[in-house]
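The values are calculated or read from the model by the stated rules, or taken from the named source; none is laboratory data. Just so it is clear, the model here is predicted, and its values are computed rather than measured. Heavy atoms of the whole protein, side chains included, go into the accessibility calculation; ligands, DNA and RNA do not. Shrake-Rupley method; radii C 1.70, N 1.55, O 1.52, S 1.80 Å.
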Amino acid sequence: MTLVLFFGLSLVAASGVLFLRSFSLANAERRRTLDQIGAYGFRSNSPTAAESGDSRKTLEDLATATGERAIARFERLRSAEKGYRELLNSAGMYSTSVAFFVGQRILGAATGPALLFLLASTSGLDLRLFGAGALMTVMGWYFPYVRVQRRARLRLERIDREVPELVDLLVTTVEAGVGFASGLQLASRSIEGPLGQELRLALREQSLGLTPEQTLRNLSLRVDSPATRAFTQALVQGESLGVSIGTILRDLAIDMRKRRRASA
């Protein structure tokens, strides 16, 4: 009986955390489709959609306000704010604020005590419930962090696999007579996924006035993977030494092929 109760409480806690998480990780493709439909002049008068948007906005505002208060009050959270920002950037969650992420963890951790109080008020106090409540609190606090960490790891691994293809594409364009900046723009249009997103962000930074070296260094900071570090370091060193971009890219492509062969 105790095991069944413990398992049930764990499932309820996990469901609560997933419910909160679903509001922060909405499908980007669905948003783009709805925005496109709105641009065509179609409008949805469905009250269900409006209520869903209002409830999501309310939960987001609650999580953000909770996170801001916690960060302002606790020094440990303020010191970890930079690490949280880097983790969110690695996961591609640039629009997610650190305050919202911290507030989401706090609300997830509060699910355990809330369910414990509800069960204790209905079925009476039981020492076994306190252990289950403590476990749900720990799960609610760590589950959002582990989920974002996993998302960041998978994203970096995908970028690491796509960088050699980017180098081959840049070698082809540069050796065909296209400038490196123009070749990077062409690559950003043809490459989908997280690497294309990072390239478009780097080009946007460059259009705002950053030098190519600063843009590459920022790219290396956002995407801390071996292939990306090798790509950015080779280009930065070649730019500082005055080496031809075509020669650098050709040598880098050969080196990455060797790495892929060794990894295989």
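Numbers below:
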quantity: Integer Hz, Karplus 6.51/-1.76/1.60 couplings in order for the stretch 128-140, x for Gly and Pro; calculated: 5, 5, 5, x, 5, x, 5, 5, 5, 5, 5, 5, x
quantity: Gain on full stretching of the segment that runs from residue 186 to residue 254 - 0.36 nm per residue minus C-alpha separation; calculated: 22.3 nm
quantity: Karplus 3J(HN,Hα) series, Hz, for the stretch 71-87 with 6.51 cos²θ - 1.76 cosθ + 1.60 (x for Gly, Pro); calculated: 5, 5, 8, 10, 5, 5, 5, 5, 6, 8, 4, 5, x, 5, 5, 5, 5
quantity: Extent along principal axes [Cα atoms of the stretch 122-228; Å; largest to smallest]; calculated: 78, 28, 23
quantity: Radius of gyration, Dmax [the stretch 90-176; alpha carbons; angstrom]; calculated: 21.9, 77
quantity: The stretch 66-198, accessible surface, carbon-and-sulfur percent (1.4 angstrom probe); calculated: 59 percent
quantity: Tensor-based shape of the stretch 55-211 (alpha-carbon gyration tensor, a/c under 1.5 rounded, otherwise prolate or oblate); calculated: prolate
quantity: Projected-area average for the stretch 53-130 over all orientations - Cα convex hull basis, square nanometres; calculated: 7.2 nm²
quantity: Gyration tensor (alpha-carbon) shape descriptor, the stretch 217-264, a/c threshold 1.5; calculated: oblate
quantity: Average Cα contact separation per residue, the stretch 66-208, under 8 Å, 6 or more apart, as relative contact order %; calculated: 21 percent
